Every structure is written in structure tokens, then in C-alpha cells.
Amino acid sequence: MTEELPENSDQSLVKQTEQAPVKRDDKPKRFVEKGRDVIFDNKTGLYWLKKDSWQDKGKFFNWHEAVEFADRKNLRKIGGFDDWRLPSIDEVSSLFDESCENPGKSGVILHLDPVFPEGAFKTAWIAGDTSTRRPRFDYSEGKVVSVEEYSFGSVRICRKDKVMRYTSPKRRK
């Protein structure tokens, strides 16, 4: 029994070999998912909650509620950690990447890595105290704005990986 090939089989083989090789990105990734809820940033050593509070709860929080949001995540040991907190200005601005376009709530373009899920709110609360005004970071414009602490926004909490110091064993006398 002989198998007959279609007449175009030689042409399809030629097309397959002419295709460009698949580009492989062998560099280590900056953001790595660590379980269902957590993303690790290899550049800063920070762990970030994957979803902001808007994506997680479907409602906006004022600054005080954002702090309580972090406290509740600590009680539940989300991702196995109990030291979640609001990020500093430097930490939150490290997520801003103008080359990334991630669709946020209501279609606003956020400049966040696509490892973070779509649909986040454009502003996020930051740790800081300036009387009754509190800082927020705008992921669409890449800037910090100061607003009244009872304004509504979202928060993406973070934690810093503990630095383990090497200690040499004690010498016997």
C-alpha cells in the first residue's frame, strides 16, 4: 500500500522551512508570579499583591480604608505573608513603565507590566502623611498627586523581602 501525497506537499514544506525562527527571550523576567495572589519584582526585591483593591473588592477605598485593607490581608496571611503595607513613593513609581500599556478600569491606559491583570484603577494610595492630604500615584500619567484623605481610590499593597544576613558560626575558645 502506497501513500499518495498531495501535489502541494513540496510547497508546504518549503513554506515551513522559510518561516522565521521563533524569537526566544532568555533574559530573566523582572516580574514573576508567586502563587495565585502575589508577584515578585526581581529588580526591587518587592512582593506586590497582583490585584489592586478595586479589582479585589469591587469598591473604592479612602486612605484609611486602604490601610485597613492591608491589615486585613495580613490577618489572612495572603501569599503566606503578614507584613503587607502601603508602598512608598519610590516603590509605587518603580512599577510605572511608559513602554507598557495595560487596560485599566473604564478603558484608561495604565503603564503597568502586563503581568498585572487588566482592569486596575488608575490611581493608588501611597504611604505618607501630610496632615489631611495623602499622596496617590497615577499609573496613567506617572505622577504623584496629593488629595484629601477621604477621596476615593484604590491601593496595591506590597512587602519587602527580608534581607537574610550571613553570620559565621561562633568560634570556640
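Things to note:
- Isotropically averaged projected area of region 31-160, using the convex hull of Cα atoms (one quarter of hull area), nm²: 7.0
- For region 105-166, applying the loop criterion from DSSP together with a ceiling of 10 other beta carbons within 10 Å to the chymotrypsin sites (Phe, Trp or Tyr not before Pro) yields Tyr166.
- Mean separation of Cα pairs under 8 Å and 6 or more residues apart, divided by the residue count, gives region 88-146 a relative contact order of 29 percent.
- In a DSSP loop and with at most 14 other Cβ atoms within 10 Å, the GluC sites (Glu not before Pro) in region 40-144 are Glu98, Glu101, Glu118, Glu141.
Any read-out appearing in this document is the output of simple, stated calculations on the displayed coordinates, not a laboratory observation. Worth saying up front: this structure is predicted, and the values here are computed from it rather than measured. Quick reminder, even Gly has a Cβ in these numbers, built from the backbone with ideal geometry, and neighbours come from all protein chains shown.
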